[in-house]
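First up is the structure itself, then whatever we jot down about it.
Throughout, read-outs are computed from the coordinates displayed, never taken from laboratory work. Since this is a predicted model, take the numbers as computed values, not measurements. Cβ: placed from backbone, ideal geometry, glycine included. Neighbour counts: every protein chain shown.
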There are 2 protein chains.
Amino acid sequence: MSKPSLARGTRDFGPEQMVKRTFIFDTIRRSFQRYGFLPLETPAFENLSVLMGKYGDEGDQLLFKILNSGDFSGKLSDQDWQEGYKPLTSKISEKGLRYDLTVPFARYVVMNRGTLAMPFKRYQIQPVWRADRPQKGRYREFYQCDADVVGTDSLLCEAEIVMLLHDILPALGIKDFVVKINNRKILTGIAEMVGASGMEGPLCVAIDKLDKIGKEKVVEELLERGFSELSVQKLEPIFVLSNEKEPFAELKTWLADSEIALKGIQELEEVWAMVKVLGIENPQIEFDVTLARGLSYYTGAIFEVKAKNVQIGSISGGGRYDNLTGTFGVPGISGVGISLGVDRIYDVMEELNLFPESQNASTKVMISNFDADAFTFGLAILPKLRKAGINAEIYPDSVKLKKQLDYADRKNIPYVILIGSDEMQSGLLTLKNMRSGEQQKLSADEIINALTKEI
Amino acid sequence: MSKPSLARGTRDFGPEQMVKRTFIFDTIRRSFQRYGFLPLETPAFENLSVLMGKYGDEGDQLLFKILNSGDFSGKLSDQDWQEGYKPLTSKISEKGLRYDLTVPFARYVVMNRGTLAMPFKRYQIQPVWRADRPQKGRYREFYQCDADVVGTDSLLCEAEIVMLLHDILPALGIKDFVVKINNRKILTGIAEMVGASGMEGPLCVAIDKLDKIGKEKVVEELLERGFSELSVQKLEPIFVLSNEKEPFAELKTWLADSEIALKGIQELEEVWAMVKVLGIENPQIEFDVTLARGLSYYTGAIFEVKAKNVQIGSISGGGRYDNLTGTFGVPGISGVGISLGVDRIYDVMEELNLFPESQNASTKVMISNFDADAFTFGLAILPKLRKAGINAEIYPDSVKLKKQLDYADRKNIPYVILIGSDEMQSGLLTLKNMRSGEQQKLSADEIINALTKEI
């Protein structure tokens, strides 16, 4: 018999991790709700017709596909087998695992658009699966927490996303962070301006490395990627743009001739103004003209969030897309969305030691089990503790006390009630504080009182 | 472009259903925690070596299998293709979707037994997937809520499961239910007694129909299933066993010669006694000698729960198994578990109208949007509402009020704050109660006060 193992790139979440992850999920969920987002859950698998072609060629490859049930191969000809795995896949598989939360959301909006109250604000917290090569910090199963508004062009949505992040992150204890913002229209305008229309993708990839590799190398890369000498010269201002609080003045001068760029700048200015009215005291937002993130997708604002004081990639990203449901034949539904990466957030919080001490998912008090009489005595107390809302258990076997206390210790149970013949006679139980070792004689009611205060 | 659709047998859960489902999950989770169970989550897919052979031949067929990534077919020979789909499956698929929560739990226990505090009490609330033919009330994706204790033989675990059910179901509003209990050892003893050792499976299937088809037909079926005339005669007492509160006296007389049956009866009597000490006022438990549920699996107590006053199958089931991890090469780990079916519970609650009115996941108050000035005015109030813990939003576009109120109505938002020029001048805002239609002039602080009380 071989030892069982986890599938590659997947993880179990034991009690300790679950308590921490639940803290993150609950905090995010609470903020989403406070902003008027409503919950949605979609199935783990979708028809491949819904998923294929939505994530590019690479994405299609990274989709986990489910083998058709029953005799999937009976009707196939020799030729089918010899065509290679790609055409073969479509003949033996009809379903795939959820790859992100956006495409299923788009499908949901299309299928329910007759009954949804628009603008529709939904949040969705579910795992997604990608057949990526597993490596440190990259898994084949991971959770996404998405909030999207669809059915309105209002820039309020962009401002609200900034607010939401300023709500969620401090609530998690992440106080130092930066929300980087850009606008796709500005990138389109720049590409236009330098005579490289439509090349904003490679432009951003190259410019993004400025901090790391320096201007000279970036210029080299731009030339390699097909930008002309002239285009690169015209890009000069991008290298010297200051990241000041009001960074738009310089940009406006430089891009004065591009209508679309000016529109993008104006949109950002409006977002900046609204954030001010919304009253964040010290907004941690920063304009970053090189920010691109899955460019093909976004049509307006683009967001990315990084935590400071840690070497961990972005913990959140999003933006505005003008054609969420176009691929399903329903054009003209605009939306803005943000996605939070729970695994990265978890890592940030671990590294900065931000998880709260209290673990109220765990047992608060354990009743010991000396012998049959003491067990029956304790059994009668147990439901009283629980009725008071105290997480409680009784040790199931009459084994050595050391073993019982060891169990409580390993389970991080802070209190143990010791019941022996003295305790049964007097009705005063011994409450042992497992951290300090201190012991007190108290009645059952007094114990309930004391522990209830700590919940 | 074809209309997108859901994969067969799967469902979306929109906001209204999510609020109700979350209520069920939260209630169950709270009870699990109060009883000292700790949370666990395992991956959606497992290596097929972990899953295959654990659920019988039918189960193996009903596992959703994931096609290997990349060129899964390149190395296969013509012969491989012609062998039929079963042997072929193992060559092109290594992973399968979770079929239940028990096998992944067993794998987890085996992989972590060095570090787990035993007895280990865990709960797990996750979806499972089965390639069953979809039909009314039967889905290919559904949630299970399991709680198990492993690593102890103590009958306390059985009594605690009875308690747990008496905690969870009333908390959900399900006050009339019955927890049916049997013990595998009694069934084994009966089969032995009537000269049909090992035939407790078919015995239970037939006897279970007594209520529906009557004694005569049951006898017919037993004979068909290979029981001798003599065996059936010896079974006579089972047809007349009364389901009294103390049903064990008759049974003890009848089965006096079967050591194993007496052991089973003694176990149940102990559970009954402990439940009494645990102080449930009116325990809704019932001994049912025909209860079997996946017999091959259970070795001691067997549970099944039905809600009364509705025609819906069992909402929970479980029992004791003595060899959870034996299949992974680690024998001797005994456990007891219970599984709650959320879909069935949902249906019961819908039918009996048990969901609470309050939907605190939804927006509590919406600020209207008359024009740019009023919008900016409202924008400044929004964060104050949220800081007070009130779920709030502002309508993003300056459209006709009717449309805005219609939105609030469809989203079930109970209050709307109307802001016009009067309101901006006086600072007294109009709070509209969407149910009664009543309007009040209040300051922002007064509104916050009023709404906070209702959370």
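Each Lys or Arg adds one and each Asp or Glu subtracts one; over the other residues with Cβ under 10 Å from the Cβ of B:Ala206, this totals -1. Using every pair of separate Cα atoms, the Kirkwood estimate puts the hydrodynamic radius of the protein assembly as shown at 31.1 angstrom. Restricting the calculation to alpha carbons of the range A:285-373 gives Rg and Dmax of 22.3, 74 angstrom.
Put in order of Cβ neighbour count within 10 Å, fewest first, the listed residues A:Thr10, A:Thr325, A:Thr253 become A:Thr253, A:Thr10, A:Thr325.
Rounded to the nearest 5, what % of DSSP beta bridges with both residues in the range A:365-452 are antiparallel?
Counting only bridges with both partners in the range A:365-452, antiparallel ones make up about 55 percent.
Summing Cβ point charges (Lys, Arg +1; Asp, Glu -1) relative to the Cα centre of the range B:81-218 gives a dipole of roughly 520 debye. Relative contact order of the range A:365-452, taken over Cα pairs closer than 8 Å and 6 or more residues apart, is 30 percent.
The charge dipole of chain B, taken about the Cα centre with unit charges on the Cβ atoms of Lys, Arg (+1) and Asp, Glu (-1), comes to about 1200 debye, rounded to the nearest 20. Relative contact order, percent, of the range B:252-354 when contacts are C-alpha pairs under 8 Å separated by at least 6 residues? Relative contact order, the range B:252-354: 17 percent.
Output the relative contact order of chain A, whole-number percent, from Cα pairs under 8 angstrom with separation of 6+ residues.
For chain A, the relative contact order is 14 percent.
Packing-based ranking of A:348-354, B:261-267 yields B:261-267, A:348-354, ordered from highest to lowest mean Cβ neighbour count within 10 Å.
Averaged over the residues of peptide B:8-14, the number of Cβ atoms from other protein chains lying within 10 Å of each residue's Cβ is 6.
Among B:Glu357, A:Glu158, A:Glu250, rank each residue by its count of other Cβ atoms within 10 Å, from fewest to most, as a rough exposure measure. Listed from fewest to most nearby Cβ atoms, that is B:Glu357, A:Glu250, A:Glu158. The magnitude of the dipole of the protein assembly as shown, with charges of +1 and -1 set on the Cβ of Lys/Arg and Asp/Glu and taken from the Cα centre, is near 160 debye.
Order the peptides B:374-381, A:171-178 from the highest to the lowest mean number of other Cβ atoms within 10 Å of their residues. List each step's numbers first, then the result.
Numbers: B:374-381: 19.2, A:171-178: 16.6.
Highest to lowest by the protection proxy: B:374-381, A:171-178.
Peptide B:61-72 has a mean of 6 when you count, residue by residue, the C-beta atoms of other protein chains within 10 Å of its C-beta. Based on the Kirkwood approach, the hydrodynamic radius assigned to the range B:348-455 is 14.4 Å, with every pair of different Cα atoms included. Inter-label distance, B:Asn323 to A:Asp371: 3.7 nm, where each label sits 7 Å from its Cα along the C-beta direction.
Taking the number of Cβ atoms within 10 Å of each Cβ as an exposure proxy, the fewest-first ranking of A:Trp81, B:Trp272 is A:Trp81, B:Trp272. If you count the DSSP beta bridges with both ends in chain B, what percent of them are antiparallel, to the nearest 5? Looking only at bridges with both residues in chain B, the antiparallel portion is about 80 percent.
Around A:Ala372, with a cut-off of 12 angstrom between Cβ atoms, what is the net charge of the other residues, counting Lys and Arg +1 and Asp and Glu -1?
Details: positive: none; negative: A:Asp371, A:Asp373, A:Asp397, B:Glu270.
Residues near A:Ala372 contribute -4 overall.
In terms of its C-alpha gyration tensor, the range A:136-266 comes out prolate, because a/c is 1.5 or above and the ratio a/b outweighs b/c. Determine the shape class of the range A:17-171: with a ≥ b ≥ c the square roots of the Cα gyration tensor eigenvalues, call it rounded for a/c under 1.5, and otherwise prolate if a/b is greater than b/c, oblate otherwise. Prolate, because a/c is 1.5 or more and a/b exceeds b/c. Taking only the Cα atoms of chain A, the radius of gyration and Dmax are 28.6, 95 Å. The distance from the alpha carbon centre of the range A:320-399 to that of the range A:157-199 is 33 Å, rounded to a whole number. Take each residue in A:424-431, count the other chain C-beta atoms within 10 Å of its C-beta, and the mean is 0. Tally Lys and Arg at +1 and Asp and Glu at -1 over the other residues with C-beta under 11 Å from the C-beta of A:Val109: what net charge comes out? Charge balance near A:Val109 sits at +1.
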